[in-house]
Amino acid sequence: MPDMLNARNWFADVSAHRSRRFLASRRDGVMIHVDDAALINFASNDYLGLSTHTAVCMGAQGACAESVGSGASRLVSGDHPMMHRLEAKLANWKGFEACLLVGSGMLANIGLLQALADRHTHIFSDRLNHASLVDGARLSGAAVHRFSHLDIAQLERLLVKHPAKRRIIVSDGIFSMDGDAASPTNLLALAEAHDALLIIDDAHGIGCMGPDGKGITAVCNIENQSRLIEVGTFGKSFGSYGAFILGNHEIIEGLRQRQRSMIYSTALPVALIAAAETSLLLIQRGEERRQLQQNLALFKRRTADFGFMASDSPIQPLVIGSDAAALKMAMQLREAGFFVPAIRPPTVPEGTARLRFTITANHTREQIELLTDCLKGLL
Ligand SMILES: *Cc1c(COP(=O)(O)O)cnc(C)c1O
């Protein structure tokens, strides 16, 4: 019986030419070792190079001397004074009343939307929002209305059309596959006008973008905006792992009671809390961010006429079109010593397969020049 389902053909619908694979790669600073080749890594979200920063690693090591695992959920016995201290520092830095640490950005968004929304809630979501926001909205059971990417006018029409009591506008800050930015000022104005909450997930922006590295919402006077909830992760600019949610006292207290992805999950290890605390200090000092901005300016200057998408963030995508062409170019770059991933559908829309370059503080001037020279030859 050929189409009997069993554990070996359960996933038979995953097409071979779109299969994903782990690389068993090893990172060493800005280099990445793949299949015995040492490549310059242009595929990391470690924008400030903090994942290998001595002070950050030492901070984690010091805390590890005490314990590796936290032993339980924070609500049972996994809590630690360092967690409260870091929450206070993050809230204070970002200008919010309160903060809640969560296991990861994925867990933060899944739990946040599930806690805030129910089937009587309407969620208004940018079409290119991160998968964690899509999944959180789905899990919540809310009615979801998607608006075209960055289309504020369409969002407004949807808000007018769906006048519910509980409404939440949700958007990435910096969009992870396009590298472009939402407009927090416009989103906030709409949230105000229509009495909605606004969630901005600035996973890619916090630490490396905006005034003092505070991300894209830092331009709109967040201190006074109690309807704004913001999500950040430690997995990108902070260089480690974990995430946090910022909001007013009542929202954060409510999440402490209701956020299932935090309540029913083991607390973050203190080593990661210590690492994040050190990263925050370095981000506030700003040295790595200034280096990143210099590198980014150099990259953009040298690729100005290559047809890159418009992006001021460290995410610099070049749309190639077909899957095959994008893969071929990624392979050519690899042969020349650069690691740049080809991002294909379904991660991005059909026909927009792309190379996604990420620039970091740790790249040298020479490495960026080598890359852009090589790219010029290929194009
Ligand atoms: C990376 C990312 C996440 C997930 O964060 P993790 O800490 O890696 O789980 C969530 N939202 C956005 C916009 C992201 O880019």
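The values are calculated or read from the model by the stated rules, or taken from the named source; none is laboratory data. Computed from a predicted structure; not experimentally measured. Note that each Cβ is placed from the backbone with ideal geometry, even for glycine, and that neighbours are counted across all protein chains shown.
Numerical summary
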item	result
Residue in the range 116-130 that is over 17 Å from the mean Cα position of the chain (by Cα), of a type outside the set (Phe, Trp, Tyr) and in a helix (DSSP H, G or I) present	yes
Members of the range 138-177 found to be near the ligand (Cβ under 10 Å from one of its atoms) and either assigned by TED's automatic domain parsing to the domain that holds Pro346 or of a type in the set (Asp, Glu) (or both), listed by number	Asp172
Options Ala108, Ala43; residue that is within 16 Å of the ligand (Cβ to nearest atom), in a loop (DSSP other than H, G, I, E, B) and in contact with a Phe, Trp or Tyr (Cβ under 9 Å, 6 or more places away or on another chain)	Ala43
Condition broken by Ala131, with the remaining ones in (1) under 21 Å from Arg256 (Cα atoms); (2) out of contact with any helix residue (DSSP H, G or I) (no Cβ under 6 Å at 6 or more places or on another chain) satisfied	(1)
The range 208-224: number of residues that are assigned to a loop (DSSP other than H, G, I, E, B) and in contact with a strand residue (DSSP E or B) (Cβ under 8 Å, 6 or more places away or on another chain)	2
Restricting the range 348-358 to residues that are surrounded by 15 or more Cβ atoms within 10 Å (Cβ to Cβ) and in a loop (DSSP other than H, G, I, E, B), the residue that is modelled with the lowest pLDDT	Val348
Among residues of the range 58-97, those that are buried (at least 19 other Cβ atoms within 10 Å of the Cβ), over 25 Å from the mean Cα position of the chain (by Cα) and part of a helix (DSSP H, G or I), counted	1
Only one of Gly95, Gly69, Gly105 that is touching a residue at least 40 places away in the same chain (Cβ under 8 Å) and either more than 24 Å from Glu250 (Cβ to Cβ) or of a type in the set (S, T, N, Q) (or both)	Gly69
Some residue of the range 266-278 being of a type outside the set (A, V, I, L, M), under 24 Å from Arg166 (Cβ atoms) and either at pLDDT 95 or above or within 21 Å of the chain's Cα centre (by Cα) (or both)	no
Condition met for Asp135 (under 22 Å from Gly254 (Cβ atoms), within 15 Å of the ligand (Cβ to nearest atom), assigned by TED's automatic domain parsing to the domain that holds Cys220 and surrounded by fewer than 23 Cβ atoms within 10 Å (Cβ to Cβ))	yes
Verdict on Asp180 being surrounded by 19 or more Cβ atoms within 10 Å (Cβ to Cβ), within 16 Å of the ligand (Cβ to nearest atom), of a type outside the set (Gly, Ala, Ser) and closer than 29 Å to Pro349 by Cβ	no
Entirely in the range 229-320, the helices (runs of 4 or more DSSP H) that have 2 or more residues that are within 21 Å of Ala203 (Cβ to Cβ) and within 16 Å of the ligand (Cβ to nearest atom)	260-263, 270-285
Some residue of the range 91-99 being more than 25 Å from Cys220 (Cβ to Cβ) and touching a helix residue (DSSP H, G or I) at 6+ places or on another chain (Cβ under 6 Å)	no
Residues satisfying the stated conditions in the range 346-379, i.e. touching a Ser or Thr at 6+ places or on another chain (Cβ under 8 Å) and under 17 Å from Gly179 (Cα atoms)	Ala353, Thr358, Thr360
Subset of the range 196-228 that is away from the ligand (no atom under 16 Å from the Cβ) and over 23 Å from Ile169 (Cα atoms) - its residue that is modelled with the highest pLDDT	Gly213
Residue match in the range 158-170 (condition: among the charged types (D, E, K, R) and either buried (at least 18 other Cβ atoms within 10 Å of the Cβ) or under 21 Å from the mean Cα position of the chain (by Cα) (or both))	yes
Subset of the range 328-344 [over 16 Å from Asp35 (Cβ atoms) and crowded, with 16+ Cβ neighbours inside 10 Å]	Met329, Ala342, Ile343, Arg344
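For (1) in contact (Cβ under 8 Å) with a residue 40 or more places away in the chain; (2) closer than 21 Å to Gly105 by Cα, each residue gets a yes or a no:
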site	(1), (2)
Arg27	no, no
Ile40	yes, no
Asp46	yes, yes
Thr54	no, no
Gly62	yes, no
